[in-house]
1. In the list Gly60, Gly44, which residue meets the criterion of being farther than 25 Å from Gly110 by Cα, touching a Phe, Trp or Tyr at 6+ places or on another chain (Cβ under 9 Å) and in contact (Cβ under 8 Å) with a residue 60 or more places away in the chain?
2. Can we say Lys183 is out of contact with any Phe, Trp or Tyr (no Cβ under 7 Å at 6 or more places or on another chain), closer than 20 Å to Gly105 by Cα and among the basic types (Lys, Arg)?
3. Among what's in region 49-91 and is over 26 Å from Arg20 (Cα atoms) and among the aliphatic types (A, V, I, L, M), pick the residue that is surrounded by the most Cβ atoms within 10 Å (Cβ to Cβ).
4. Within region 100-116, does at least one residue satisfy the condition of being within 16 Å of ligand 1 (Cβ to nearest atom) and buried (at least 18 other Cβ atoms within 10 Å of the Cβ)?
5. From the set of residues in region 117-132 that are part of a helix (DSSP H, G or I) and of a type in the set (Val, Ile, Thr), which is surrounded by the most Cβ atoms within 10 Å (Cβ to Cβ)?
6. With the condition kept exactly as written, say whether any residue in region 159-170 is more than 13 Å from ligand 1 (Cβ to nearest atom), more than 30 Å from Leu109 (Cα to Cα) and surrounded by 15 or more Cβ atoms within 10 Å (Cβ to Cβ).
7. Does Tyr13 fit the bill of being farther than 24 Å from Ala149 by Cβ, away from ligand 1 (no atom under 16 Å from the Cβ) and buried (at least 17 other Cβ atoms within 10 Å of the Cβ)?
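The values are calculated or read from the model by the stated rules, or taken from the named source; none is laboratory data. These numbers were taken from a predicted model, which means no experiment stands behind them. Quick reminder, even Gly has a Cβ in these numbers, built from the backbone with ideal geometry, and neighbours come from all protein chains shown.
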Amino acid sequence: MNGYLIEAENLSYVYPDGTRGISKVSFKVAPGEAVALVGENGAGKSTLLQHLSGCLFATGGVVSVAGLPVIKENLPAVRRAAGMIFQNPDDQLFMPTVFDDVAFGLLNLGVGEGELEAMVLKALETVGIAHLRARPPYRLSQGEKRAAAIAAVVALEPEVLVMDEPTSNLDPRARRRLMRLLKTFDHAKIIATHDLDFALEICDRTIVIHEGTIAADGPTTEVFSKADLLERCNLETPPSMRGCPNCAR
Ligand SMILES: Nc1ncnc2c1ncn2[C@@H]1O[C@H](COP(=O)(O)OP(=O)(O)O)[C@@H](O)[C@H]1O
Ligand SMILES: [Mg+2]
């Protein structure tokens, strides 16, 4: 590995029906970096993220995670390195209890019964939901579900966290709590979001994706101060940068 956790070069994907998902996307993510992926609906954010966990395979170009090309033969190692947190926690949580959901991935990795309980509890404590361990995931609030999905992923000790719209469906308090939690993680992160204030607070770097290609890649404050760029990409200057006194982050 040459030091980068993610390397995409001319990564392209065309859906089977001919729809262009992403085109010639190139970027690198170093350990510890937090990168926001922003863009209007349909820009290609989810398509891009799905390549990082091998849910989709490139139709053009290449992408590697932790030095491994994302191809079928490398899937177990790629998925170990890149922990994917889906947009909808219901796609991630399917066991009878929160404990079992976190245990599931660990058991798949071959963790023995002896260490299992301590590892599950550690992950639940990390995200602050140890008290929910015996609850069925489908009865949790959106914020609690999001936390459980994150626990299931961080338990596996990935090198990079990949998150698709983590603040969607969260109320302001749950959103704040999630921001506080993410700040405690030193994993590299790549986070697709339409919440530009969230991007400002969590990610030093932002990639703007527009119609499947990269329109900008740079320090978040710099990217968000380019009003013409944001307008061209159908994005709005985040409230906290508009000097609006009622728009606290
Ligand atoms: N399963 C699919 N089949 C065909 N086209 C798709 C599929 N999923 C997404 N697309 C298309 O790919 C493009 C990028 O979508 P997506 O990656 O979901 O965007 P975003 O996450 O930025 O909203 C859009 O034009 C979308 O309609
Ligand atoms: Mg999406």
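1. Gly44
2. Values: out of contact with any Phe, Trp or Tyr (no Cβ under 7 Å at 6 or more places or on another chain): yes; closer than 20 Å to Gly105 by Cα: no; among the basic types (Lys, Arg): yes.
No.
3. Residue satisfying both the conditions and the ranking: Ala81.
4. no
5. Val120
6. Yes, region 159-170 has at least one match.
7. No.
Per-residue answers, yes or no, for (1) at pLDDT 95 or above; (2) under 25 Å from Pro96 (Cβ atoms):
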residue: Ala130; (1), (2): yes, yes
residue: Gly143; (1), (2): no, yes
residue: Ala148; (1), (2): yes, yes
residue: Ala151; (1), (2): yes, yes
residue: Pro172; (1), (2): no, no
residue: Thr184; (1), (2): no, no
residue: Lys189; (1), (2): yes, no
residue: His210; (1), (2): yes, no
